[in-house]
Amino acid sequence: MARRSITLDPISRIEGHAKITLHLNEEGRVENAMFHVTQFRGFERFCEGRPFSELPSLMARICGICPVSHLIASAKACDELLGVGIPETAANLRRILNLAQLVQSHALSFFHLSSPDFLLGMDADPATRNIFGMAASRPQLARDGVKLRQFGQQIIEWMAGKRIHPAWVVAGGVASPLAAEARDQILAAVPEAMAIALRTLEWFKASLAGFSEEIRTFGNFPTLFMGLVDSEGGLEHYDGVLRVTDASGRVLHDGFDPRKYADYIGEAVEKFSYLKSPYYKPAGYPDGIYRVGPLARLNVVDQCGTPRAAQEWAEFKALSRGSVLSSFYYHYARLIEIVHAIEAIERLLGHPGILDKRVRAAAAPNNTEGIGVSEAPRGTIIHHYRIDEHGLCRGANLIIATGHNNLAMNRSVLQAAKHFVDGNHLREGMLNRVEAVIRAYDPCLSCSTHASGRLALRIQLLDAGGAVVDELRR
Amino acid sequence: MAKPRVAVFKFASCDGCQLSVLDCEDELLAIADVLDIVYFPEATSTMLKGPYDIGFVEGSITTHHDAERIQQVRRQCGVLVTIGACATAGGIQALRNWADVNDYVRTVYAHPDYIQTLKMSTPIAEHVPVDYELRGCPISKRDLLEFISATLAGRKPNIPTESVCIQCKRCGNVCVLVARGLPCMGPVTQTGCGALCPRYGRACYGCFGPSETANTGALTRQFRSLGLTDDEIARAFRTFNAWSWQFRQASEEAERA
């Protein structure tokens, strides 16, 4: 039989547009797999010539799912352009906003996008394998998902005025102080959010046993891991240094300054993707392949910082003697981070200065270069700007969470496809598993290419001459 | 009345507008009761074939492939509604319409030759007839729910097209343009955001695009009297709705001045 390839396009229930091509050998077994991202929007260029003060609002438009992460990394880069330290209250308000976004984005990924696979099964009818199908079969869980996401989105709205693309985070701090009323509203919502987070975590842990095959094959291989840690090596999403660990859990670099990212992160170019493939320079390419995001963050830290999350983290770490390697556990890590975020939000709101009116430092730019970092729900993002003497942007480089995971996602797709896909007998459930690998990373392709688009899903088997041998449609 | 079959399509965008559908938390499950959402790749793996009674389209047209796809989408949809600044005005990526797109691609991508992109990012209405548009970056949940309930009731949606100024007055905001001399786009921008930026003491930056009968010439003169340069005026009109004809004209006039 001639060599064939299978294309999955688009992948559903992820954000943005991507496709997967599976290359089969003569026996119809998967030989190679490629995860492609298609399209582009061009943020690095059209920010040129814009005043730096506009950049946070412009850059937020990269992504409608994690606009707050871009807003924060961008504003931090602008703080550096100003050359000021921002008021502590402003930093804490930004932290709360960032954590609220982590909750809503993780909830969207877990409940709306992935939980239908866990609940209804990877082989379930795709017509009901979605959030609306869940609302019919498991209304409580669907409601929990909606509620938990609402908790995060509502905080963003109460603090910043609107849920998507708020303009509240600005160079030098935030635009306005927190109202006592907003603080009390958030605190009142904490107990319900926490109850949902904990019962979901219990349910998910109990159901892990049913996914041993997926755990074994969904991107289960050694890589490095990278994420921000605070000065005590604790879980951190707003500031701090970047730590890199290896598969055995050994710390390779105990925290480099994110401003020096170019010394540590190289970008390799692969034929199959529009995305560049970042790697950890000291380890070389491709050994320097690393993962970021919830799984990586829980792997690199020494502690979780908040009491309930700390217990869960200890249990999570016990899964493996070294780093927890299977990308299926991204889901697990996401739930633990939700618990941490809710605890941290409550703690920050209890800070005596949180209602302080001084939330913005004023200055004219003192530097021509600024680099800002934050942990987005999907991993580390870095915004790097250069400005001229008029404060106009003259160059921008953006390193985006999904981009870091590019190499690992490709390898994961290949691993799962080799295990599950038999090219001679295509079944829906096989292909859903290949898509589910990608969903475990919760990639945000709007972010990674600053672009997207979508098609009806079609999987085609092509012979060597390009003729369609078989076809599956959804 | 049978449940209308609804589809949500995405082109070049950030996903924020379709997420506004999921943001209707309290109403989300109620929406699922009255509408049959049969195509929504962001949220579901089902992608049932058309025809659809209502098609919501997010994003702008930036590739040859998308230019063809929007034709198919149009044929499948009874009512076609564009949602957000990308779909109605080309979005922020339309800023490349004034630049050399190949230059853009080379800056960003490892394999520029892999990128097959159009020179321009254009709104949906430049390709197919559009029945209704919901504005904003992103759209407002209120407008979306109003559109859905009006359609179900068979009446015209009550979505105001006046300027942000009217809303500002209703909110009792102090005018940031007059009182603080900020270059506010409110006088020419359609309402819908609840005058959010002026409420926070910031100048409006035009998320909802041109209001009905926007007087951009008068605003340009006002900006000049505040001391803005021609470049600054052009930039004020060039954000998320830069390719709407009103803002495009205003920015190009300022550039020529």
Phi angles of the stretch A:73-79, converted by Karplus (6.51 cos²θ - 1.76 cosθ + 1.60, θ = phi - 60°) into ³J(HN,Hα) in whole Hz with x for Gly and Pro, give 4, 5, 5, 5, 4, 5, 4
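Where the convex hull is taken over the Cα atoms of the stretch B:1-97, what is its projected area averaged over directions, in nm²?
Working: hull surface 25.9 nm².
Projected over every direction and averaged, the Cα hull of the stretch B:1-97 covers 6.5 nm².
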Heavy-atom accessible surface buried between A and B, both sides counted, 1.4 angstrom probe, nearest 100 Å², is 5800 Å²
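As a check on your grasp of the helix formula, calculate [θ] at 222 nm for chain B: sum -39500 (n - 2.57) over DSSP H runs of n ≥ 4, divide by the residue count, round to the nearest 500.
Working: 12 runs with 104 residues, N = 257.
For chain B, the value works out to -11000 deg cm²/dmol.
Of all the stretches in chain A, which is the longest one without any exposed loop site, taking GluC sites (Glu not before Pro) in a DSSP loop (any state but H, G, I, E, B) with at most 14 other Cβ atoms within 10 Å?
Details: sites that count: A:26, A:27, A:232, A:389.
No qualifying site falls inside A:28-231, the longest such stretch.
Name the trypsin sites (Lys or Arg not before Pro) in the stretch B:130-206 that are in a loop by DSSP and that have at most 10 other C-beta atoms within 10 Å, would you? Before the final figure, lay out the partial values.
Numbers: sites: B:135, B:141, B:142, B:155, B:169, B:170, B:180, B:199, B:202; in loops: B:135, B:155, B:202.
Taking the stretch B:130-206 and a limit of 10 other Cβ atoms within 10 Å, the loop trypsin sites (Lys or Arg not before Pro) found are B:155.
For the stretch A:194-225, which chymotrypsin sites (Phe, Trp or Tyr not before Pro) are in a loop by DSSP, counting at most 13 other Cβ atoms within 10 Å?
none
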For peptide B:92-100, the mean count of other chain Cβ atoms within 10 Å per residue Cβ is 5
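Around residue A:346, what is the net charge, scoring Lys/Arg as +1 and Asp/Glu as -1 over all other residues with Cβ under 14 Å from its Cβ?
On the way: positive: A:95, A:183, A:308, A:347; negative: A:184, A:192, A:343.
Local charge sum for residue A:346: +1.
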Listed by chain and number, the residues whose amide H is under 5 Å from that of residue A:24, excluding neighbours fewer than 5 places away on the same chain and using placed H, are A:4, A:5, A:6, A:31
Links exceeding 31 Å between C-alpha atoms in this model, out of A:147/B:10; A:147/A:317; A:147/A:281, come to A:147/A:281
Which residues qualify? For residue A:253, with a placed amide H closer than 5 Å and at least 5 residues away or on another chain, they are A:244
When the charge dipole of the protein assembly as shown is computed with +1 on Lys and Arg Cβ and -1 on Asp and Glu Cβ about the Cα centre, the Cα farthest towards its positive end, among A:301, A:233, A:126, belongs to A:126
Counting only residues 5 or more apart in sequence or on a different chain, those whose built amide H sits under 5 Å from that of residue A:394 are A:49, A:386, A:387, A:388
For chain B the mean separation of alpha carbon contacts under 8 Å (6+ apart) over residue count, i.e. relative contact order in percent, is 17 percent
Note to self: C-alpha centroids of the stretch A:331-393 and the stretch A:42-105 sit apart, in Å, by 7 Å
Longest principal axis of chain B (C-alpha) makes with the long axis of helix B:64-76 (C-alpha) an angle, in degrees to the nearest 10, of 60 degrees
Per residue of B:5-18, other chain Cβ atoms within 10 Å number on average 6
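For chain A, what is the mean residue ellipticity at 222 nm derived from helices alone (per DSSP H run of n ≥ 4: -39500 (n - 2.57); sum divided by total residues; nearest 500 deg cm²/dmol)?
Result for chain A: -12500 deg cm²/dmol, rounded to the nearest 500.
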In whole Hz, the Karplus estimates of ³J(HN,Hα) for the stretch B:230-243 (6.51, -1.76, 1.60; θ = phi - 60°; x where Gly or Pro) are 4, 4, 5, 5, 4, 5, 4, 7, 9, 10, 6, 10, 4, 8
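Average partner chain C-beta neighbours within 10 Å, per residue of A:118-130? Write down the numbers at each step before the final one.
Details: counts 0, 0, 0, 0, 0, 0, 1, 2, 4, 6, 3, 3, 6.
Neighbouring Cβ atoms belonging to other protein chains average 2 per residue here.
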Here, the protein assembly as shown modelled as identical Cα point scatterers in vacuum has Debye log10 I(q)/I(0) at q = 0.05, 0.07, 0.09 Å⁻¹ of -0.22, -0.44, -0.75
Once the in-chain neighbours fewer than 8 apart are removed, the aspartates and glutamates whose Cα is under 13 Å from residue B:156 read B:131, B:133, B:143, B:146
Exposed-loop cut sites defined as GluC sites (Glu not before Pro) in DSSP loop states with at most 15 other Cβ within 10 angstrom; longest site-free run of chain B spans B:1-161
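When you count, for each residue, the other Cβ atoms within 10 Å and take the mean per peptide, how do A:117-127, A:356-366 rank with the highest first?
Working: A:117-127: 17.4, A:356-366: 14.3.
Ranking, from highest mean packing down: A:117-127, A:356-366.
The values are calculated or read from the model by the stated rules, or taken from the named source; none is laboratory data. Just so it is clear, the model here is predicted, and its values are computed rather than measured. Counting neighbours? That spans all protein chains shown, and the Cβs are built from the backbone with ideal geometry, glycine included. In case anyone asks, the SASA skips ligands and DNA or RNA and just uses the protein heavy atoms, side chains included. Shrake-Rupley method; radii C 1.70, N 1.55, O 1.52, S 1.80 Å.
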